[in-house]
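Undergrad: My structure is below; once you've seen it, I'll send some questions.
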Amino acid sequence: MGDVGGFRAPDGDALSAEGLRYEVAGRLLLDDVDLQVPAGRSVAVVGPSGSGKSTLLGCLLGLVRPSAGSVRVAGKDIVRMRRRSLERHRSRHMGVVFQFGELLPELTPVENVALAALLSGGKPDVAYARAARLLEDLGVPDAASTARLSGGERQRTAVARALINEPAVLLADEPTGALDTSTRDNVASTLFDVPHRWGCALVVVTHDETVARRADECLELTDAKLKRRDGGAG
């Protein structure tokens, strides 16, 4: 996976969801949904509010259990995993970037990024060295606390944190939703460069059509179905 930390790309589809079905309060949100994302490729998922995008993301993360279907991450079906096995697999093979970063403002950027590796059992010296390299590579400056960073710098720190454990799959939930136009474009460029540089699969859930068009493939979730749209990068 690129030149930072010796990342390695998995073979084949890093993420493969098949036949996902989910219904809540009599409303069908996912109906026989399929999604395959190979290593090194990006997919954007768009759709109107309430269409089920967050539910789909929850299924891909293993936070929502579908009533039918499978979600294979790095070759293993997370739907059938017990909680502890799922948590270990998610920590090792999946990274997440949230809309507001979800960083600890009192910690430095390096501490925020290294913490994810430490919580996964990484050695401190290795975790801090890898965190520093990732932040440098993503253009995040040194800071006494993460609170001193700009909005774009905080999101790039969140991307670094998501990459620290060398995931097979990177998921992003409205990662530019809280940013101004200029900062959005900068963060989107960083995010969609990740699959090509680090070899992981990327899924971005977004309302922003400009962001969605940067993906290799753009899909729309509507009427509980996931369909391919024109407008992806290729």
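Undergrad: Tell me the Kirkwood radius of the chain: reciprocal of the mean inverse pair distance over distinct alpha-carbon atoms, in Å.
TA: It works out to 17.8 Å.
Undergrad: While we're on this one: First compute the accessible area of the chain with a 1.4 Å probe, then give the percent of it belonging to carbon and sulfur atoms.
TA: The computed percentage sits at 46.
Undergrad: Taking the chain as a Gaussian network, Cα atoms linked when under 10 Å apart, which of ALA68, ALA131, ALA201 shows the biggest mean-square fluctuation?
TA: ALA68
Undergrad: In the Gaussian network model of the chain, springs joining C-alpha atoms below 10 Å, which of VAL96, VAL24, VAL37 carries the largest mean-square fluctuation?
TA: Most flexible of the set in this elastic network: VAL24.
Undergrad: Starting from the Cα of LYS53, draw a straight line to each of the lysines and keep only those under 30 Å, dropping any in the same chain fewer than 8 residues away.
TA: Once the sequence-local lysines are set aside, what remains near LYS53 is LYS76, LYS225, LYS227.
Undergrad: Further, regarding this structure: Can you tell me the length gained on complete extension of the stretch LEU107 to SER145, counting 0.36 nm per residue apart and subtracting the Cα distance?
TA: Using 0.36 nm per residue and subtracting the Cα-Cα distance, I get 13.2 nm.
Undergrad: Counting only heavy atoms of protein chains, what accessible area per residue, in Å², does the chain have with a probe of 1.4 Å?
TA: That works out to 46 Å² for each residue.
Undergrad: Still on this structure, please answer the following. Hey, can you grab everything whose amide H is under 5 Å from the amide H of LEU30? Only 5+ residues off in sequence or another chain; H modelled, so Pro and N-termini drop out.
TA: Sorted by chain and number, the residues that satisfy this are TYR22.
Undergrad: Scanning the chain for helices, which whole DSSP H stretches are 24 Å or more long along the axis (Cα) and average -1.0 or more by Kyte-Doolittle?
TA: Numbers: long enough: 181-198 (25 Å, -0.67).
Within the chain the helices that satisfy the rule are 181-198.
The values are calculated or read from the model by the stated rules, or taken from the named source; none is laboratory data. Quantities reported herein were computed from a predicted structural model and do not represent experimental measurements. The accessibility values were calculated without ligands, DNA or RNA, using every heavy atom of the protein model including side chains. Shrake-Rupley method; radii C 1.70, N 1.55, O 1.52, S 1.80 Å.
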